[in-house]
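Chemist: Sharing a structure with you now.
No lab work stands behind these numbers, since they all come straight from the coordinates. Everything numeric in this text was worked out from a predicted model, so none of it was measured. Note that each Cβ is placed from the backbone with ideal geometry, even for glycine, and that neighbours are counted across all protein chains shown.
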Amino acid sequence: MNTITKATTLKDHFLNLFRENAGVISANSAPFLNRFREDAIARVEQAGFPVKGSEDYRYADIESVFRNDLHHIFGPRNIDLNVREIFHCDVPDLETSLLLLVNGRYYGNGKQLNKFPDGIIAGSLARASVEYPEIVRKHYNSYAGKSKDGLVSLNTAFAQDGIFIYVPEGVKADKPLQIVNIMISDNDLMAQHRNLFIAEKGAEVKIVICDHSLSAHRFLTNSVNEVYTGEDALINLTRIQNEHNGASQITHSYSHQEARSNLTASTISLHGGFIRNNVFVTLNGEHAENHSLGLYLSDKGQYIDNFVFIDHASPNCFSNQLYKGVLDDFASGSFNGRILVRRDAQKTNAFQSNNNILLTDDAKMYSRPQLEIYADDVKCSHGSTMGQLDDNALFYLRSRGIEYKEARLLLMFAFAHEVIQNIKVEALRDRIDDLVNKRLRGELSRCNNCAMQCG
Amino acid sequence: MQNEQDQILNDVTTGEYKYGFYTDIEQDTIGRGLSEDVIRQISQIKKEPEFMLEFRLRAYRHWLTMKMPEWAHLNIPAIDYQDLTYYSAPRQKARLNSLDEVDPELLDTFNKLGIPLEEQKQLSGVAVDAVMDSVSVKTTFRENLAELGIIFCSFSDAVKEYPDLVRKYMGSVVPYTDNYFAALNSAVFSDGSFCYIPKGVRCPMELSTYFRINAANSGQFERTLIVAEDNSYVSYMEGCTAPMRDENQLHAAIVEIIAMESAEVKYATVQNWYPGNKEGKGGIYNFVTKRGICKGDNSKISWTQVETGSAITWKYPSCILKGNNTTGEFYSVAVTNNHQQADTGTKMIHIGKNSKSIIVSKGISSGVSNNSYRGLVKVLRGADNARNFSQCDSLLLGDKCGAHTFPYIESGNQTAIIEHEATTSRIGEDQIFYCNQRGINTEDAIGLIVNGYAKEVLNKLPMEFAVEAQKLLQISLEGSVG
Amino acid sequence: MLVIKDLKVSIDGLEILKGIDLEVKAGEVHAIMGPNGSGKSTLASILAGRDIFNVDSGSVTFNGEDLLEKSPEERAKDGLFLGFQYPIEIPGVSMVNFLKTAINEMRKHRGQQPLSASEFLKKMREKKDLVEIDSSLTSRSVNEGFSGGEKKKNEIFQMAMLEPKLAILDETDSGLDIDALKVVAKGVNNLKSPDNATIVITHYQRLLDYIIPDYVHVLYKGRIVRSGGKELALMLEEKGYDWVRNEEVKL
């Protein structure tokens, strides 16, 4: 009963926060984005906040991370620091076009959009909605807007900016686009940004998102990505979550895939106290292909929760979910994957796999791989395992003189590599391999410039 | 070929439910509705000791605070609990001393169901407790079993004759607070079976309860309690049927099993309640709570179920593996056709060290039905070396049905190994063609393939049931390939 | 080098080795033969340190030190190598990473500097040629997707890389065609020196045409029932294991 009162309070807090700041929120965003706010806040009022124990948020205690005392920045002055001076990406040989998000707002270029020679447009979503209203209008809130989740509506009501990436028809981006999402503040802070990625027909693009936190405060991010993969388009999207353990992150990703499109989205969760990733994919055209992958390595009191929903709305599509995790200390985690095959989505091939290794008796993992199938000519399967490293493999390695500890690490690394090998940006893949290796060895795995010595 | 298959599908789905007849017999009933008075009346009719009435009232008061569970993948129409009859019994003279006193109509009813109660016709090797609506009609072989110290009788008799045993174990595995239907059952249950196997005794015959709903508008709420003491063994079977009626009827039962050290209990169900007609009218709502506890070390509980009937099934036979080295098993074939809905599976709770569980679930959906597996495997912190393997397969016959799998896996022990696998498939046209080419007609081919698919589970059934279950599968399904 | 005294081993209460005595000196090649289920693989596993067995009594020393007390990796570093009957597939662990780790662990143990990348690759090339192993195999994960023959060759390749003092080859010949068999034998013979020793465990005499043993032991029902020179293997081949069985009955 207690939780319900708390939820009501939380909801009221945010409703009030919106009422009090609606003017300044809108004034520092864009008219088009502002149009959605009233409707969204009404939906928040109706849906409320997710309650732990409900089917979709069974193990995730959302209320515990939404604290009433977090600060918000709605005004124009985002941050005084010269972020470029304190942050540079240290992934060697990673050549990307860098886009900075600081506390949920696009940073740099005097808010101008980057317009690349090949026609790719990238930069502030708010700015894009002014300069390219027809593109933004077509996609903004078209995919996430149908959600019944109060947190998605909360984002729609509050989000003032985020990253906009547009790859025109037939254009193949030569460099990956890298979004560095930074939380930095001199007090505890909450931010909600909104990204929109569009790959038109036949376009190809690689996008990397790196989440960092650069000051020792409590952070909470509630972000929404909308991703449109047009016919024959190809997107490879990698997200590396590497905030400190005082930071909480809730991400919502809504992907809409047209015929013959291919989207591979990997989420590598290394650090972060509380992480909840919601992934919704709609396969809207025949022969669309989706790979949703996740790797989570957690220790101490981390909680990492992946919720994946693949909607096979068209026949002849393919989807594959692969989520793997290693949990140490008293970390806990949850995987919830659902494959929905609609009535006419015949010839669907859909797979789902979740594998976990617990390293202590205090670590806890909850796994719910689910199939919901309404068509008969389909190939669907799922598997879930929890357990130890393979004893035989361990013995084999040791019999070759490799120390027990090292042998375990090798096997864990191999376990994780199955996910990492799907990352298509080579320099990044090697870097992640390295990060994971260090992470498993308990060495500092944050990019070196992270000032945090968090627990 | 397509047309021919559709034709067969039609023929089969219009096939009549074999056990849909109604026995016209005088009934003693309590009027519709549920209240503390009704509960007092039930308790009074059954001449129960005071503790039973108190138990019922506590359960009822708790039930009033609860809501119907909504998490299942089921579409359950609202149930008006005040419109049901909670007690209905075939009118009988005093107490039965010999079968001559059993109403011939009743004997005839059970004969038609293939459960002869007359001494000379009784199935050899199977002791039967026959339950019609709210009461037990007859328990066979009771005296023979008593010679071994085995108690096998109706629940009502047990309450009167063995109140201490009933008091000690009733509600110890499924407390009335457990869930909505368990609370309802605890308040109004009318009869059921009681079974007690003393230390070191291997029950020499299959024990069985046959449930029959006969009266209209009545709910059936029975309770089964099985206690197996150290080193004992019993194999238990349960069967059920109901007349065809247009309105839905509610069946909310509880089964509790307690297995002490090194005891083994096998529990098999062939559930064939009336599933409703092909338009989805009528049929039984089957909301059942079945749970066993492997209390002592090295004990074992095995559930096997063949679920073909009922309009809606909500049922999760479970094992609490409390002792060390205990084993829990769940083998299930669930068939849904026409408008049937099933949400069924199991829970395996690993508490003891080296506890093992295996889950094999075979769902078969056809028509416009929905068939879900829902199962929990939970390993608690102290359950070192716990091991679970789950295999949950779905077979879809036709493109208008649904097959779903919702496992819940929770691990809190690093040495536990849990594996879950599931696949979804259909009967391929090439498989049918292959059979056709070998001279097997399509209908038989489907029967063969479905039986092959379900074989792993059917093999776990006691012999007496296996044949019936196979036939049942064939009747429920054949020709359903689209 | 290796001294086994009255070794009794059981698993889950079932006695498998019922008192084994065996001494292997440097420079020797021993063959242990016996029918299925005689305890050959158990003996190999227990020497390498597989912990699913119970040692009920007896002792094993390796170069004067108690072998049974040591972990599998310590034994390996001391120079004991087991060629597995069924080499384990380890998806995701590359052969190169695996071998480099193993070699450098051993070098560290001997107080040597780790091999540089180029030294390591050079060594790998040499040894690859020696065992005629396909180059593509070493770029894959450990044993993953290898055929039966490739796995066995890979064991010999690893043996060549690790240069053990005592190599125990557990049915390395089973499932091999004659060409692969020759490769395996060549690998073993190349390694042979006055300083090291080999124990070849096999079911058939065939392999011993290519690896000439100094001693042959027949293991039957957990005991060495006969020991002799290489002629014992020929006798076995001729008379079959029934002969041993009959001999046993007589005893």
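Chemist: Springs between alpha-carbon pairs under 10 angstrom, Gaussian network model over chain C: which of C:Gly83, C:Gly175, C:Gly187 fluctuates most?
Modeler: Judging by the Gaussian network model, the answer is C:Gly175.
Chemist: In addition: Going toward the positive end of the dipole of the stretch A:306-428, with +1 on Lys and Arg Cβ and -1 on Asp and Glu Cβ, which of A:Asn306, A:Gln352, A:Leu340 do you reach last?
Modeler: Of the candidates, A:Leu340 comes out farthest on the positive side.
Chemist: A further question follows. Read phi for every residue in the stretch B:195-211 and hand back ³J(HN,Hα) as whole Hz from Karplus 6.51 cos²θ - 1.76 cosθ + 1.60, θ = phi - 60°, with x for Gly and Pro.
Modeler: With the stated coefficients, the stretch B:195-211 comes to 9, 10, 10, x, 3, x, 9, 9, 5, x, 9, 5, 9, 8, 10, 10, 9 Hz.
Chemist: Summing Lys, Arg as +1 and Asp, Glu as -1, what charge do residues with Cβ under 15 Å from the Cβ of A:Glu169 carry, A:Glu169 excluded? Each step should come with its number before you reach the end.
Modeler: Numbers: positive: A:Lys138, A:Lys172, A:Lys201, A:Arg260; negative: A:Asp118, A:Glu134, A:Glu200, A:Glu204, A:Glu231, A:Asp232, A:Glu258.
Computed value for this residue: -3.
Chemist: Just from its helices, what would the mean residue ellipticity at 222 nm be for chain A, if runs of 4 or more DSSP H residues each count -39500 (n - 2.57) and the sum is divided by every residue, rounded to the nearest 500 deg cm²/dmol?
Modeler: Values: 11 runs with 113 residues, N = 455.
Helix contribution divided over all residues of chain A: -7500 deg cm²/dmol.
Chemist: For a footprinting-style exposure proxy, rank B:Trp273, B:Trp71 by other Cβ within 10 Å, fewest first.
Modeler: On the way: B:Trp273 26, B:Trp71 11.
Fewest-to-most ranking of B:Trp273, B:Trp71: B:Trp71, B:Trp273.
Chemist: Further question: Over 30 Å between Cα atoms: which of B:Lys281/B:Lys315; C:Lys40/C:Lys186; A:Lys347/B:Lys455; C:Lys5/C:Lys151; B:Lys168/B:Lys378 fall into that group?
Modeler: On the way: B:Lys281/B:Lys315 21 Å; C:Lys40/C:Lys186 23 Å; A:Lys347/B:Lys455 27 Å; C:Lys5/C:Lys151 32 Å; B:Lys168/B:Lys378 27 Å.
Over 30 Å apart, Cα to Cα: C:Lys5/C:Lys151.
Chemist: Turning to a different aspect of this structure: Taking the Cα centroid of the stretch C:9-74 and of the stretch C:147-191, what is the distance between the two, rounded to the nearest whole Å?
Modeler: Between the Cα centres of the stretch C:9-74 and the stretch C:147-191 lies a distance of 20 Å.
Chemist: What shape does the stretch B:172-219 have by the C-alpha gyration tensor, where a ≥ b ≥ c are the square roots of the eigenvalues, rounded means a/c under 1.5, and otherwise prolate means a/b greater than b/c and oblate the rest? Mind showing how you got there, number by number?
Modeler: Working: a/c = 3.89, a/b = 1.44, b/c = 2.70.
Cα axes put the stretch B:172-219 in the oblate bin.
Chemist: Can you find, among C:Leu82, C:Gly228, C:Leu99, the residue farthest towards the positive end of the dipole of the stretch C:2-250? Put +1 on the C-beta of Lys and Arg, -1 on that of Asp and Glu.
Modeler: C:Leu99
Chemist: Would you kindly give the portion of the calculated P(r) for the protein assembly as shown that falls above 60 Å, as a percent of all Cα pairs?
Modeler: On the way: 174348 of 705078 pairs.
In whole percent, the long-distance tail amounts to 25.
Chemist: Quick check for me: using +1 on Lys/Arg Cβ and -1 on Asp/Glu Cβ, what's the dipole size of chain C about its Cα centre, in debye to the nearest 20? Let's see the in-between values first.
Modeler: Details: 34 positive and 39 negative charges, 88 e Å.
For this selection, approximately 420 debye.
Chemist: Considering the options A:Gln192, B:Pro175, B:His251, tell which one lies farthest towards the positive end of the dipole of the protein assembly as shown, charges being +1 on Lys and Arg and -1 on Asp and Glu at the Cβ, about the Cα centre.
Modeler: Result: A:Gln192, furthest along the dipole toward the positive end.
Chemist: Test of understanding: in a Gaussian network model of chain C with alpha carbons linked when under 10 Å, which of C:Leu207, C:Leu47, C:Leu137 would top the mean-square fluctuation ranking?
Modeler: Its mean-square fluctuation being the largest, the pick is C:Leu137.
Chemist: Could you sort out which of B:Lys322/B:Lys362; C:Lys25/C:Lys128; C:Lys25/C:Lys230 sit more than 19 Å apart by Cα distance in this structure? It would help to have the intermediate numbers written out before the result.
Modeler: Numbers: B:Lys322/B:Lys362 27 Å; C:Lys25/C:Lys128 28 Å; C:Lys25/C:Lys230 17 Å.
The answer is B:Lys322/B:Lys362; C:Lys25/C:Lys128.
Chemist: Cross-link partners among lysines for A:Lys11, C-alpha distance below 23 Å, same-chain residues fewer than 8 apart left out?
Modeler: Hits, sequence-local ones excluded: A:Lys52, A:Lys146, A:Lys148.
Chemist: Taking amide H positions as placed 1.01 Å from N in the peptide plane, with prolines and chain starts having none, which residues 5 or more places from B:Ser357, or on another chain, fall under 5 Å of its amide H?
Modeler: For B:Ser357, whose amide H was placed from the backbone, the distant partners under 5 Å are B:Gly328, B:Arg387, B:Asn388, B:Phe389.
Chemist: How big is the dipole moment of the stretch A:178-312 about its Cα centre under a simple scheme where the beta carbon of each Lys and Arg is +1, that of each Asp and Glu is -1, and everything else is neutral? Debye, nearest 20, please.
Modeler: Around 320 debye, computed over the stretch A:178-312.
Chemist: Relative to the Cα centre, what is the charge dipole magnitude of the protein assembly as shown, using +1 at the beta carbon of each Lys and Arg, -1 at the beta carbon of each Asp and Glu, and rounding to the nearest 20 debye?
Modeler: Working: 129 positive and 154 negative charges, 445 e Å.
The dipole of the protein assembly as shown has a size of about 2140 debye.
Chemist: Let me ask something else about it. Along each principal axis of its Cα atoms, how long is chain C end to end? Whole angstroms, biggest number first, please.
Modeler: 61, 39, 35
Chemist: If I model a spin label at A:Asn16 and C:Arg125 as a point 7 Å from the Cα along the Cα→Cβ vector, what separation in nanometres do I get?
Modeler: Here the answer is 7.5 nm between the modelled labels.
Chemist: How high is the relative contact order of the stretch C:106-251, given as a whole-number percent (alpha carbon pairs under 8 Å, six or more residues apart)?
Modeler: Details: 127 pairs, mean separation 24.1, N = 146.
For the stretch C:106-251, the relative contact order is 17 percent.
Chemist: With no solvent and one point on each alpha carbon, what is the Debye value of log10 I(q)/I(0) for the stretch A:197-339 at q = 0.13, 0.16, 0.21 Å⁻¹?
Modeler: Here log10 of I(q) over I(0) equals -0.55, -0.79, -1.18.
Chemist: Something else: Tell me which residues come under 5 Å, amide H to amide H, from A:Gly401 once H is placed; ignore anything under 5 positions away on its chain.
Modeler: Under 5 Å from the amide H of A:Gly401: C:Ala76.
Chemist: Here's something else I'd like to know. Amide H of B:Thr209 versus every other amide H placed in the peptide plane: which residues, excluding those fewer than 5 positions away on the same chain, fall under 5 Å?
Modeler: Under 5 Å from the amide H of B:Thr209 lie the amide H atoms of B:Asp129, B:Met237, B:Glu238, B:Gly239, each far enough along the sequence or on another chain.
Chemist: From the phi angles alone, apply the Karplus equation (6.51, -1.76, 1.60; θ = phi - 60°) to the stretch C:19-34 and give each ³J(HN,Hα) in whole Hz, x where the residue is Gly or Pro.
Modeler: x, 9, 10, 7, 10, 10, 9, 4, x, 9, 10, 10, 10, 10, 10, x
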